[in-house]
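Read the structure below first, then the notes.
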Amino acid sequence: MQTKFLDLARLGKNDWWRYLISTAVILLVWLFTSVALALVLIGIGFSNNGSIDIDPKTSEIAGVDPLWTVTILLLSFLPLLVSLLLSVRFIHNRPATSLITPLLKIDWKRMAIGFVGFGLLLGVACMVESFVYPGRYQFTFKPLETVKFAPVILLLIPFQAASEELLCRGYMMQGIGLLTRRVWIPVVISSLIFMLLHISNPEAQVDTLLMLGNYLLAGLLFALVTIKDNRLELAIGMHIVNNVFVLLVNSTISSLPVPPVFTVTTLDAGYGLVSSIVVAFIFYGVLHFVLRSQKVAGTEAV
């Protein structure tokens, strides 16, 4: 019988002090590198303007090319990812792949399925919004601008999204799962942590409660999909396409100031929450149907 995803933490050493040390290492490395990179951005802005002027709505620094802002923001997640993987390997003495799957190899095809499937649902949700609210989506495609950002987004977003999934749905959810046999507890707690990690995003300032609801729902969906599928690849693929989507659709208030093909002039947190609930039910429902069908087919084959 395949090991349950939450039980993968039991493969290694799980003393409380190991979690304390590894969490401290991960957070300190992430904080230190984030601050260092932020100082680089501030330095660029100061050298260009002779002063520091930060837009509170977008967190952009005047005089700094948005490409630099996006690049440095995404680069800050690489030290987080590296420190997390090294902590799991050398402090907990278990394979880093145990954060993702109970199998010996990562299923890249499954990750691609999550990317494509969730991406299609996001596209439909945007199309519905454009019909319900005519004029909200403006065609703002500037080939040279968008193409300039594309390599950075396509190269670094997978690392950024994977680091968040490995931290919240892998390390944290599995770690909390050691304390209880009730699956909903690690699911909810890890999702709340995921929500809090995004509370400083510019989007959250539009309608804090509704946007926090959006982040919480995303965390719950990724967590439930992971538990249902007993592996993390689908959630990683879903998270990647959710963030890469800024190349196609982005709002005027965004933590990633990327010039998209379509710009949303109004960030509607209410519609976003409702559409996210619908998308979540559809994706999870399809996953449940597919896994059940595979189980039935396997039983009949035996």
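One table, with the values for the structure above:
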item	result
Some residue of the stretch 274-288 being of a type in the set (A, V, I, L, M, F, W, C) and farther than 26 Å from R169 by Cα	no
Residue match in the stretch 47-64 (condition: part of a helix (DSSP H, G or I) and either surrounded by 17 or more Cβ atoms within 10 Å (Cβ to Cβ) or at pLDDT 90 or above (or both))	no
Looking only at the stretch 112-150, and only at residues there that are farther than 20 Å from T252 by Cα and among the aliphatic types (A, V, I, L, M), the one that is surrounded by the fewest Cβ atoms within 10 Å (Cβ to Cβ)	V116
Test: residue in the stretch 199-215 that is in a loop (DSSP other than H, G, I, E, B) and either on the phi > 0 side of the Ramachandran plot or of a type in the set (G, A, S) (or both)	yes
Residue match in the stretch 259-273 (condition: surrounded by fewer than 16 Cβ atoms within 10 Å (Cβ to Cβ), assigned to a helix (DSSP H, G or I) and not small (G, A, S))	no
Checklist (1) under 15 Å from L8 (Cβ atoms); (2) without any contact (Cβ under 8 Å) to a residue 40 or more places away in the chain applied to Y215, failing item	(1)
The lone exception for I240 - which of (1) under 30 Å from K4 (Cα atoms); (2) not in a helix (DSSP H, G or I) it fails	(2)
Residue count for the stretch 8-24, restricted to those that are modelled with pLDDT of 95 or more and of a type in the set (D, E, K, R)	1
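Yes or no, residue by residue, for (1) farther than 18 Å from I153 by Cα; (2) in a helix (DSSP H, G or I); (3) at pLDDT below 90:
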residue: I26; (1), (2), (3): yes, yes, no
residue: G45; (1), (2), (3): yes, yes, yes
residue: L67; (1), (2), (3): no, yes, yes
residue: L84; (1), (2), (3): yes, yes, no
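The values are calculated or read from the model by the stated rules, or taken from the named source; none is laboratory data. The shown structure was predicted, so the numbers you read here are calculated from the model rather than taken from an experiment. Note: ideal-geometry Cβ built from the backbone for every residue, glycine included; neighbour counts use all protein chains shown.
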